[in-house]
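The values are calculated or read from the model by the stated rules, or taken from the named source; none is laboratory data. Just so you know, these numbers come straight off a predicted model, no measurement behind them. For neighbour counting, all protein chains shown are included, and Cβ atoms are generated from backbone atoms with ideal geometry for every residue, glycine included. To get the accessible areas, we keep the full protein, side chains included, count just its heavy atoms, and leave off ligands, DNA and RNA. Shrake-Rupley method; radii C 1.70, N 1.55, O 1.52, S 1.80 Å.
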Amino acid sequence: MKKYLNIALKIVFSRTMVTILLLAVQIGWLLLGFKLMEEVALVSMLLLSGILVIYIINKDETPEFKLSWIIPICLAPVFGTLLYLFVMGNLGGIGLKKGLERRLRETEKFLTADEEVKREIAAGDGHMAGLARYVETVGGYPAYKNSRATYFPLGEDKYKDLLRELEKAEHFIFLEYFIVEEGKMWNSILEILERKAAEGVEVRFMYDGMCSILLLPYSYPRRLRAKGIRAKLFSPIIPMLSTSQNNRDHRKILVIDGRVAYTGGVNLADEYINEVVKYGHWKDVAIKIEGEAVRSFTLMFLQMWNVSEKGSEDYRQYIKKDFPPTAPAPGLVMPYGDGPANPENVAETVYMDMIHQAVKYVHIMTPYFIVDNAMLDALQFAARRGVDVKLMLPHIPDKKMVFAMARTFYPDLLSAGVEVYEYAPGFVHGKVFVSDDEKAVVGTINLDYRSLYHHFECACYLYRCPAVADVERDFRETLKSCIRVDMAYYKKIPPMQRLLGRVMRLLGPLA
């Protein structure tokens, strides 16, 4: 017995056993440490999520946008908090905004309204004078006289006119677009750009970095540079590294020699001119500006181009002053841009002003309708005080989930007397507001959170210009091809679609 006891003691106190015991103790401490760290990490994340909720509540954002983040953060603190920090932390966006603010300061001296124009506006319409002062002070873009606007009711119309104007270019061509895709439209434009670059015309082309994911190779700007075209991506997408996904360049701007500028919904791809059919007939619109107001679009482009450039631009050489003498152009033309670098949401404010000031009618064409309560209330109030409010949306959507969310607003709109229409032949992509036969906005700004709060956008405000009548005429002509929505129509939408739309509407501000 004593012999076996001695053997047991030798085994217990042997170096091997001591090593095993010490290792077991270390493993135990390690597991305990992991457990404690897990609890500490969880407590830390819960504390961080609480701080984040307080921060979001106190931010200068719409209640809907706040709610869309607070709910996931409260339901899943770790996931929701990390998602918010990744999406809204936006480290890349901070640098982008600072760069643009610098360029806005550099161009400020070139974007000051003429004092005589200010006096004329104030003498004619006090409210318009106030709006023009607001857009210039907050947005940075003045109102102009002696400028003409030509409205194009289809992308095909803009395309044909654009080819003619490009052929006349002598000094520079600037292009800034959200989407570009090889096909008839872009290839024919590119052929002219190549030829003009070879002739010594300065050609610059910038398009949004989202195109590099599906539409064009990442190296496409290098190919264009080989053809003599100065080309670049705006905010290229770098998977897992880019935190500026929300701040896309949704603008569509083309400037030729500082004398002509285009904007509107039309991108550089074949569906925009109905050469390719994706969602039925593509209803889009555009506008051409000639005269002094082109200056704002020229500088708008140069501001964005130089965000990622070093040094300073000689802006003066691109500002045209000697326009050929013509008969005075009636009305005012006010181009303006908006984006996350602005201290206020200029685009939404201009839309809201048109709704609140409407006396006879306000007619709206938009591909998407995901709005906050303030915009919804404005439309309902306008209808209830007797204004003819008409809203035109697609019947064949490009984004089914977004369309399902838009349709959830129908009962609220209809109950207030807003007339809602869907464009039966296909997809509406035009972004148009027109009111009272005297004012209209044509541009790139949709009625959704991305356009109104996250994207870089642009538009042109027309006041008592002949083109306003063209915008309203096109709206009324397009109505002939629309389905008028009523509650019976709404109730025929499959219940699951309606339910899904209402559930997803919670995430509307993030869509």
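Numbers at a glance
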| read-out | value |
| --- | --- |
| Selected from I445, P466, Y423, residue furthest toward positive end of dipole (region 405-470; charges at beta carbon) | I445 |
| Greater than 25 Å apart at Cα, pairs in K360/K491; K390/K439; K158/K320; K232/K400; K145/K439 | K360/K491; K232/K400 |
| Residues of region 116-202: accessible area per residue with a 1.4 Å probe, Å² | 43 Å² |
| Qualifying trypsin sites (Lys or Arg not before Pro) for region 427-511 [loop in DSSP, other Cβ within 10 Å: at most 15] | R464, K480, K492 |
| Area of L75 that stays accessible when all protein chains are in place (1.4 Å probe, Å², to 10) | 140 Å² |
| Mean residue ellipticity (222 nm) of the chain, computed from DSSP H runs ≥ 4 via -39,500 (n - 2.57), nearest 500 | -14500 deg cm²/dmol |
| Correct option for Rg and Dmax of the Cα atoms in Å [calculated from the coordinates] among (i) 23.1, 79; (ii) 28.5, 124; (iii) 25.1, 85 | (ii) |
| Accessible surface, per residue, of region 320-457 when the full set of protein chains is kept, probe 1.4 Å, Å² | 30 Å² |
| Exposed chymotrypsin sites (Phe, Trp or Tyr not before Pro) absent: longest stretch of the chain, with sites in DSSP loops and at most 15 other Cβ within 10 Å deemed exposed | 219-511 |
| Exposure of E191 as accessible area (Å², to 10), given a probe of 1.4 Å and all protein chains | 90 Å² |
| Built amide H within the under 5 Å cut-off of F172, gap 5+ | E202, D257 |
| Rounded to 5, percent antiparallel among DSSP beta bridges of the chain | 60 percent |
| Contact order relative to length of the chain, as percent, for alpha carbon pairs under 8 angstrom and 6 or more apart | 16 percent |
| Protein accessible area in the chain, 1.4 Å probe - carbon and sulfur % | 61 percent |
| For D388, solvent-accessible area (1.4 Å; no DNA, RNA or ligand), Å² | 40 Å² |
